[in-house]
Every structure is written in C-alpha cells, then in structure tokens.
Amino acid sequence: MSPKFNFIKSSLILLIFTISLSSCSSSKRVEEKTADLKDFKVIVTKTDDGIKLQSVTGSAWIDLAFRINHNQEQAIDEYGMTELNKVSSEKNKDLADYLFTISKTENKIMLKGVEGTAWTELSFYLDKDGKQAFNQFGMTNLN
C-alpha cells in the first residue's frame, strides 16, 4: 500500500474514534440531565381565547386558565404563572423544578423548555377544546 493510502486510512480511523468519543460524552451529558429531572405532567387544552392547563403531577397548582394573544408567551413553573425574569427561587423537594413558556397561534401550541425538561421545544396542532399531555420528556398520552 502506498504511504498516501496509509495516511488517509489512519486519518479516517482517528476521525471515527474522535466522533465516537464526542458522541459518548454527549450521550452521557443527556443521561445526566435526564436523571436530574423530576416527574411532572400537564394537560393543555386550547380554548376560544386562550389556554387551559391542568397539572396531573409535580406542581403546586391544579388548574390554570388564561387569555393569550397569538405568539404571546406565558411562562409557567411548578408554582403557576410567572415571568421569565421573576422565577421563584423557592425549591420544594415534593415538586418538580421546571420552567417552560407556552404560546399559541391559530391552531398550534408551542412550548419552550427553559429548565427541568429534556426538551427545548415542542409544538403540536390542537383544535378548539383539543387536549394534549406533556411531561419532562415531551409529549405523552392523556391517561
């Protein structure tokens, strides 16, 4: 074999090894992040003029309902409606520690996970009075 071929072969092996190492460390970080997440489950219902949320588990609140304009974001944490710059520093070991924003368009709901979620963004279509459940890992069933 030519020296040029050996160099290319060695470079390719080194590249594959480097990619494998970086994906392992990235995978480990995702596992560590998801291991730190606490359970919560929320059901979202789209209403005529806003959004209704029902907490199934992991929150201090049970039901939230609010009017929201198209593309306007509302921050929600384990204590209820909040503002991104006024997040509660109070931590309760019996509650999930999460923060997300919710917004809507004509027929779509958009969620942005800020903390306490494995997801960074979720979006889905909902008709009026349609329901969708989500938890710390993403969309889930209503049961």
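A short reminder: the numbers here are calculations on the coordinates, not readings from a lab. All figures in this text were calculated on a predicted structure; none of them were measured in a lab. Virtual Cβ from ideal backbone geometry, glycine too; neighbours counted across all protein chains shown.
What is the packing order of peptides 113-119, 64-70, taking the mean over residues of other C-beta atoms within 10 Å and listing the highest first?
With the highest mean Cβ count within 10 Å placed first, the list reads 113-119, 64-70.
Could you go through the stretch 37-51 in sequence order and give the Karplus-derived ³J(HN,Hα) for each residue, using 6.51 cos²θ - 1.76 cosθ + 1.60 with θ = phi - 60°, rounded to whole Hz, and x for Gly and Pro?
After applying 6.51 cos²θ - 1.76 cosθ + 1.60, I find 6, 9, 5, 8, 8, 10, 10, 9, 10, 8, 10, 3, 10, x, 9 Hz.
Please give the net charge around Lys93, taking every other residue with its beta carbon less than 14 angstrom from that of Lys93, where Lys and Arg add +1 and Asp and Glu add -1.
Combined, the nearby Lys, Arg, Asp and Glu give -4.
Could you size up the charge dipole of the stretch 41-140 around its Cα centre, putting +1 on the beta carbon of Lys and Arg and -1 on that of Asp and Glu, and report it in debye to the nearest 20?
Using only the charged Cβ atoms, the result is roughly 160 debye.
Pairs to check: Lys41/Lys112; Lys41/Lys131; Lys86/Lys128; Lys91/Lys112; Lys46/Lys86; Lys46/Lys93. Give those whose C-alpha atoms are more than 24 Å from each other in this structure.
Distance filter (> 24 Å) returns Lys86/Lys128; Lys46/Lys86; Lys46/Lys93.
Ranked highest first by the average count of other Cβ atoms within 10 Å around their residues, in what order do 99-108, 37-46, 123-132 fall?
Packing proxy ranking, top to bottom: 37-46, 99-108, 123-132.
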